[in-house]
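Everything below concerns the one structure shown next.
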Amino acid sequence: MSAWLILPFSLCVGSFLGVVIGRYGTGRTILWGRSTCDTCAAPLTPADLIPLASFWLLRGKCRHCGAPIGWFHQAAEVSALAIAAAALAADGPTTAAWIDSALGWALLTAAWIDFDTFILPDEITLPLILAGLAVTWWQNPPALFNHAAAAALGYLGFILLNATYRALRHRDGLGQGDAKLLAAAGAWLGAAQLPNEILAAGLIGIAMAIVTKAQPTARMPFGPALALAFFGLRLSGAG
């Protein structure tokens, strides 16, 4: 399959990711639930679900009740397209572009859910650890032990850091999900890149706090910063 097909395919992926993100934690089924209008609950037809195109053809309104359609799903589709374009730019039209796009789409989903709910789903972070080790074994077998050790080191490092923070401040500073996502970064990037991952994520987190004007004591999700640093280092050729 031509790697250039990744661009149109990414729009379909983004549409699906929008469903996953929007329904996470709501109790609604992801694979079998029929898409409906958020306002009138009318079932949507395939013509209503063409990525990006349907929104513009319908002029941003539900064909049944005329209520405005939110930008959420379009944002998910454009984000998935941007990830695929970045992977193509970094890797060229190769199998690696598909692998890195899939990684980026998983990180996008995890980061978005964390931003909305302060939860990094195990359904994403744990498979990412295994996928990172599998890709390492396929691309560079001698590096497998290093990457497995990095996954363990990343997880234990954040667990110990949070335990120290909790002992000093009597509250958690990092979640289990953050530790698992750092473990996934270790599995994909290797031990040498863990300090770069933590530094980059910390700087991104500070920038997010400044942009959002968060108070020093405000709770902020760290998953988006970890995910962005992770994906950026992967595309840069780290690991």
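The values are calculated or read from the model by the stated rules, or taken from the named source; none is laboratory data. Quantities reported herein were computed from a predicted structural model and do not represent experimental measurements. Note that each Cβ is placed from the backbone with ideal geometry, even for glycine, and that neighbours are counted across all protein chains shown.
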Subject >> Selection from the stretch 82-96 of residues that are surrounded by fewer than 22 Cβ atoms within 10 Å (Cβ to Cβ) and either among the small types (Gly, Ala, Ser) or within 13 Å of the chain's Cα centre (by Cα) (or both) >> reply: Ala82, Ala85, Ala86, Ala89, Ala90, Gly92, Ala96
Original post:
Residues in the stretch 125-170 that are free of Cβ contacts under 8 Å to residues at least 12 places away in the same chain and touching a Leu at 6+ places or on another chain (Cβ under 9 Å): how many?
Top reply: 3
**OP:** Pick out, from the stretch 160-239, the helices (runs of 4 or more DSSP H) lying fully within it that include 2 or more residues that are more than 23 Å from Gly132 (Cα to Cα) and touching a helix residue (DSSP H, G or I) at 6+ places or on another chain (Cβ under 8 Å).
**Re:** 194-212
**OP:** Tell me which residues, restricted to the stretch 207-239, are among the charged types (D, E, K, R) and buried (at least 20 other Cβ atoms within 10 Å of the Cβ).
**Re:** Arg234
**OP:** Evaluate the following for Cys12: is it surrounded by 11 or more Cβ atoms within 10 Å (Cβ to Cβ), closer than 19 Å to His64 by Cα and either modelled with pLDDT under 90 or under 22 Å from the mean Cα position of the chain (by Cα) (or both)?
**Re:** no
Original post:
Of the residues that sit in the stretch 56-76 and are surrounded by 15 or more Cβ atoms within 10 Å (Cβ to Cβ) and in contact with a Phe, Trp or Tyr (Cβ under 9 Å, 6 or more places away or on another chain), which one is modelled with the lowest pLDDT?
Top reply: Ile69
**OP:** Sort through Gly190, Gly202, Gly154 and tell me the only one that's at positive phi and either under 23 Å from the mean Cα position of the chain (by Cα) or surrounded by fewer than 15 Cβ atoms within 10 Å (Cβ to Cβ) (or both).
**Re:** Gly190
